[in-house]
1. Taking interchain pairs and intrachain pairs at least six residues apart, which have beta carbon atoms under 7 angstrom, with the first residue in the stretch 235-258 and closer than 12 Å to Ala349 by Cβ and the second assigned to a helix (DSSP H, G or I) and not charged (D, E, K, R)?
2. Of the numbered conditions (1) within 20 Å of Met357 (Cα to Cα); (2) under 31 Å from the mean Cα position of the chain (by Cα), Leu313 fails exactly one; give the number of that condition.
3. Keeping to the stretch 324-364, report how many residues are surrounded by 15 or more Cβ atoms within 10 Å (Cβ to Cβ) and among the aromatic types (Phe, Trp, Tyr).
4. Could you please tell me which pairs satisfy a Cβ distance under 9 Å, a separation of 6+ or placement on different chains, a first residue in the stretch 130-146 that is within 12 Å of Phe74 (Cβ to Cβ) and modelled with pLDDT under 90, and a second residue that is of a type in the set (Asp, Glu) and in a helix (DSSP H, G or I)?
5. I'm trying to understand the selection: among the residues of the stretch 98-130, which are of a type outside the set (A, V, I, L, M) and more than 22 Å from His167 (Cα to Cα)?
6. Being touching a residue at least 40 places away in the same chain (Cβ under 8 Å), closer than 20 Å to Ala91 by Cβ and surrounded by 21 or more Cβ atoms within 10 Å (Cβ to Cβ) narrows it down to one of Leu76, Leu17, so name that one.
7. So, in the stretch 286-304, how many residues would count as being over 25 Å from the mean Cα position of the chain (by Cα) and under 30 Å from Val331 (Cα atoms)?
Amino acid sequence: MEIFTLFCANLTILLVLSASFLVLARKFPDQAWWPTWSLANFALALSLCFFALESHLPQMAVFVVPNLLLLLGFGLHWQAARRFAGLDAPAARLWLPVGLLAAVNVPALVFESYSLVYITTNLLVMVLAGTTALAYAGRGFGGLVSRYGMVLGFVLMAAEGAIRAAHGLALGDAMGAGLTGDIVLTIHLLVSLVFVTLSGAFALGMSFERIAREQQDIASRDPLTGIYNRREFDRRLDALLQARSGTAFAVLQLDLDFFKQINDRYGHVSGDEALVAVTDLIRKNVREGDCFARLGGEEFGLLLPDIDRSCALGIAERIRRLVETMKLDFVNDGFRLTVSAGLYHGTGADLDRRSMMHAVDQGLYRSKNNGRNQVSLAEAA
């Protein structure tokens, strides 16, 4: 493939990506990574233009401008990765590589040593691409499959930077200013074409994968309290029952006693505040892998995988005591909420979701009939 064709292919993709990300930045103004990705691709496109026009530029421009733009583009890619992960991306770290190369340009221009600029630029590209690959491999992108395409693209560019730095060391003072039209340049442009295609495609894929997950999470949440809804609770309980692993788990059904009195005495807004306060309190006192859900009205469910009976009872009793002693800001006449609960513990053998929830419900009603503010084991346990 001709060098001119490779230049045009790289430039076209970079400009299309830059324009596309700019449109998305206007559509999603709260997502700071879109304009950063746009600027990163535009800086790389400008760098490519200066490299292509180097024969028409003064030597100082050939030394300085395209390489600085190249580093700025990769620095912006690092910044976008950090922003996507919700991490700090200090401007000082963005401009540090550019400043280092600018400082190197002074002796390089004095001694007319383009190899010094070439080697420094590629070493810095290696570092920037490597740190960006590490950012995409970090925890802020957990669960997003598309991030591995970004990791691959930046690892590829880090390796390319290392190879080109070694190439510059091998040539030494024999290297002239600007690019050389040889097989090394052809390979570099082919690698760059793969990189810009990967980074663009997987940036879009990663972003829309996150949007899809966020929408899925919203669909599984109760809009008032933010905890899981009945549908998600049922889905997780079905998965536990279908697994038939033989591992014991617990299902806890909770109902707030005399909750209607809050709505009648203090109003429905206060009732909503009470529900939010109760859910926040309980959410802080369950394990990370437990499923806490609002089943409807003032009724809640708690799914406790892989737990023994004493621990399950301990969690249920702790929740009951915490609710009993909880203070409500809008109450000034001594009113206190309490909770009644039914608890199943076992492996789920020979039970489907309907029969299990019926057993738990019977335990809940036994707590209600025995005076409320207590936990009762389901008979199926």
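The values are calculated or read from the model by the stated rules, or taken from the named source; none is laboratory data. This is a predicted model, so every value here is computed, not measured. Ideal geometry is used to build each Cβ from the backbone, glycine not excepted, and the neighbour counts take in all protein chains shown.
1. Listed by first residue and then by second, the contacts come to Phe249/Leu240.
2. For Leu313, the exception is condition (2).
3. 2
4. Pairs that qualify, where the first residue is within 12 Å of Phe74 (Cβ to Cβ) and modelled with pLDDT under 90 and the partner is of a type in the set (Asp, Glu) and in a helix (DSSP H, G or I): there are none.
5. To start, the set of residues in the stretch 98-130 that are of a type outside the set (A, V, I, L, M) comprises 99, 105, 107, 111-115, 118, 120-122, 130.
Within the stretch 98-130, Gly99 is the sole residue that qualifies.
6. Numbers: Leu17 fails: closer than 20 Å to Ala91 by Cβ.
Selected residue: Leu76, the only one of Leu76, Leu17 that is touching a residue at least 40 places away in the same chain (Cβ under 8 Å), closer than 20 Å to Ala91 by Cβ and surrounded by 21 or more Cβ atoms within 10 Å (Cβ to Cβ).
7. Keep residues of the stretch 286-304 that are over 25 Å from the mean Cα position of the chain (by Cα), which gives 294-304.
Filter again for under 30 Å from Val331 (Cα atoms), leaving 294-302.
The total comes to 9.
Results for (1) more than 23 Å from Ala248 (Cα to Cα); (2) in contact with a Pro (Cβ under 8 Å, 6 or more places away or on another chain); (3) not in a helix (DSSP H, G or I), shown as yes or no for each residue.
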| residue | (1), (2), (3) |
| --- | --- |
| Arg320 | no, no, no |
| Asn332 | yes, no, yes |
| Arg336 | yes, no, yes |
| Gly342 | no, no, yes |
| Ala349 | no, no, yes |
| Ala359 | no, no, no |
| Gln362 | no, no, no |
